[in-house]
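The structure under discussion appears below in the form of structure tokens.
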């Protein structure tokens, strides 16, 4: 069963159609990759799903129910967590406080929230950095923090927006392992990524868009060999 | 850790004991001065909730002070109510006003929020100047407190002290609960806070209401103490500026920062005005500028980190390069 159904999603900024009639499903327990060149509408799609932007037309259904028109914080309570491409650490809070703040999404007591936060930090490999300020972490740590913060809200669906960008090869492998580990806990994942190594290894299926429109969908192999995708990434004569 | 907590508790208890006993061995002038410090400590601490923790620098918090004062005046003078009722009504009235004004104004950020709140305070002053029930510009009288002179000084001192303790206690409880984490998360990044399920509008409005509540209580005690209220002083922009300067001077976003700020700013400004009758504001301004440049995290950071001297100052300047 599809946990997330995006149907004919359209988002216009004035005359610009950032997302134009895009439809896809995220099945329960799968990792769906969303790819496309810069400016193709990936992050806008994310912002529509968690209702940062009002949708122009189309429908978004989570577990069969439409979530269009809800508030961003309600989307989180329903069970959709997200990370940001431009990471947003709560800079002057410690790592533990960062995660505790989001663990409060499910519990009301500070002891429960801290306990949950410690569990998540252990899971994400950040347990040694508990007392550090978020801004003092290196980039890879802040990317992990971003994931941990989303996980602490106990999502059923996780939206990952370029969590591997800017990481070195060793860190990339660790990021891939972490994403797989999250999937193995039963969380469905929609991932936007530019680094092909990452998106090809982790995705069960890939949905490709360009200029706000769907150009291909299928297994990583199918999409990688699709002429429209190659054209979008490499230009006319390569296709 | 436990030992350190005990140490802090002992120091805190000792300071509190001194403050509680202090009026008994002081003359009226000093008690009155102490009462003023406590009043500004309440207001700076209340400002800290919205400005320091939530990151919404309100430049109109004096509006709650004025509203608290006028509610007290009207309820006591026109409706003949007891001070205890008027005091509570002042707090809740100011909080209600904060909710009503907060819903539109808290959608604004940064400078826009600052200007909007400034505007609200000025508009309220104009309104009070022209209403009949507030007796306009001529001001409104309150019934006198029926106590001996010394008793009156004691009464207002301990009212302010009790209100300050209430303010700090409630702030402490908020900080260790979901709301406190939500507020600081909003200060650090409102979009991120929203995306982890924090109802930012609700949290900000509660913070503004709490800030208004405690400021309103201070205004209520002040009005009763003065026994006379005029729109000009009750809604003075300078009062807001003083709250902010005290909070920043002592340490924004720290529980005891504004308290330390209120205490030190009042002492410094009183000492300076004793020595330099005319030029004291000039020296005072210089002290504030130096403090902001060298210790932007406030005096409390120096005290808790136990760091003094050139290297600490240089570190701060590097970190907060303008």
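To the nearest ten degrees, helix A:169-184 and the longest principal axis of the Cα atoms of chain A are 90 degrees apart.
If you average the sequence gap of Cα pairs under 8 Å that are 6 or more apart and divide by the length of the range B:2-319, what percent do you get for the contact order?
Numbers: 476 pairs, mean separation 94.7, N = 318.
The normalised contact order for the range B:2-319 reaches 30 percent.
The angle between the Cα long axis of helix A:139-151 and the longest principal axis of the Cα atoms of chain A comes to about 90 degrees, rounded to the nearest 10. Averaged over the residues of peptide A:61-73, the number of Cβ atoms from other protein chains lying within 10 Å of each residue's Cβ is 2. Given in Å, the Rg to one decimal and the Dmax to the nearest whole number for the Cα atoms of chain A are 17.7, 60.
Helix-only estimate, please: 222 nm mean residue ellipticity of chain B, summing -39500 (n - 2.57) across DSSP H runs of length 4 or more and dividing by its residues, to the nearest 500. Write down the numbers at each step before the final one.
Numbers: 15 runs with 240 residues, N = 322.
Per the formula, -24500 deg cm²/dmol.
Taken over the Cα atoms of the range B:58-101, the convex hull encloses 56 Å³ per residue.
Entry note, chain A: relative contact order of 26 percent, from Cα contacts under 8 Å with a spacing of 6+ residues. Each principal axis of the Cα atoms in the range A:100-158 has its own extent, and those three values, largest first, are 30, 26, 17 angstrom. Quick check on the protein assembly as shown: of the DSSP beta bridges with both residues there, what percent are antiparallel, nearest 5%? So the antiparallel bridges amount to about 60 percent of the total.
With kT/(6 pi eta Rh) evaluated at 20 °C and eta = 1.002 mPa s, and Rh the Kirkwood radius from Cα pairs, the protein assembly as shown diffuses with a coefficient of 81 µm²/s according to Stokes-Einstein.
Return a whole-number percent for the relative contact order of the range B:247-305, with Cα pairs under 8 Å and 6 or more residues apart as the contact set.
On the way: 67 pairs, mean separation 26.4, N = 59.
About 45 percent, as a whole number.
Taking each residue as 0.36 nm, the span from residue A:12 to residue A:128 lengthens on full extension beyond its C-alpha to C-alpha distance by 37.3 nm. For the options B:97, B:276, B:64, a Gaussian network treatment of chain B with springs between C-alpha atoms closer than 10 Å singles out B:276 as fluctuating the most. By other beta-carbon atoms within 10 Å, ranking A:135, B:32 with the fewest at the front produces A:135, B:32. In terms of overall dimensions, the range A:130-239 has a Cα radius of gyration and Dmax of 15.8, 54 angstrom.
For the residues B:311, B:264, what sequence is obtained by ranking on other C-beta atoms within 10 Å, fewest first?
Taking fewest neighbouring Cβ atoms as first place, the list is B:311, B:264.
Structure remark: mean-square fluctuation, Gaussian network model of chain A, C-alpha springs under 10 Å; the largest value among A:73, A:194, A:207 belongs to A:73.
Dimensions of the range B:241-322 based on its C-alpha atoms, expressed as ranges along the principal axes with the largest first, amount to 36, 25, 22 Å. Taking 4 °C and 1.567 mPa s as conditions, the range B:2-319 diffuses translationally at an estimated 64 µm²/s according to Stokes-Einstein applied to its Kirkwood radius (Cα pairs). DSSP bridge analysis restricted to the range A:125-219 gives an antiparallel fraction near 50%, rounded to the nearest 5.
Using only the C-alpha atoms, the convex hull of the range B:26-87 corresponds to 114 Å³ per residue. Expressed to the nearest 5 percent, the antiparallel share of DSSP beta bridges inside chain A is 55 percent. Cα centroid separation, the range B:208-287 to the range A:150-185: 49 Å. Each 5 Å bin, from zero up to the one with the longest distance, holds this percent of the alpha carbon pairs of the range B:224-282: 4, 18, 17, 18, 22, 17, 5. Build a GNM of chain B with springs between Cα atoms under 10 Å: which of B:96, B:106, B:16 gets the top mean-square fluctuation? With Cα springs under 10 Å in chain B, the top fluctuation among B:96, B:106, B:16 is at B:16.
Every read-out reported here was derived from the displayed coordinates using simple, explicitly stated rules and does not represent laboratory data. Because the structure is predicted, anything quoted here is derived from the model rather than measured. Here the Cβ is made from the backbone with ideal geometry for all residues, glycine too, and neighbour counts use every protein chain on show.
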